[in-house]
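Values quoted throughout were computed directly from the atomic coordinates according to the rules given, and no laboratory measurement underlies them. Quick caveat, the model's predicted, so the values are computed rather than measured.
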Amino acid sequence: MQRLGELEASVMDVLWNSAEPLRVRQVLEAINQHRDLAYTTVMTVLDNLHRKEWVVREMENRAYRYRAVATREEATAQSLRELLDASDDRESVLLHFARSVTEEESDILRRALRRKPGKR
């Protein structure tokens with residue numbers, strides 16, 4: 001997955017916070033509570049997100065409804081995976097990361113590692 005720009009991230013926030021697929025107009029209304037964008041701007045952003053495979057769309061009554069391909073958490077984990085894969089020194093990256101986590105995050109990681117033996 002490619003990284004998101006600021007406006008793309010705002011659109012994804014709207015989709016991630018919705019329990020159902022949304023039309024362009026619905027995304028626009030949600031975003032325009034905090035800023036003033038044109039319909040065509042949001043439509044273009046959604047088209048770009050579709051091309052980048054961040055969203056899927058389904059035709060309904062002559063209008064597309066958009067939904068996120070992955071949850072926010074899945075997308076974030078994928079981004080972390082890609083950053084780690086891009087490193088020539090994964091051990092160093094993981095050690096730096098491990099030093100930065102909170103005690104609570106450390107506990108979460110320990111529990112997850114105990115549940116998934118043999119995985120990366």
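Observations
- For V55, the residues whose amide H sits under 5 Å from its own are H50, V69, ignoring neighbours fewer than 5 places away on the same chain, with H placed 1.01 Å from N.
- For region 6-68, averaging the sequence separation of C-alpha pairs within contact (under 8 Å, six or more residues apart) and dividing by the residue count gives a relative contact order of 39 percent.
- Computed on the chain, with alpha-carbon pairs under 8 angstrom and 6+ residues apart, the relative contact order is 23 percent.
- Helical mean residue ellipticity (222 nm; -39500 (n - 2.57) per DSSP H run of 4+; nearest 500) of the chain: -18000 deg cm²/dmol
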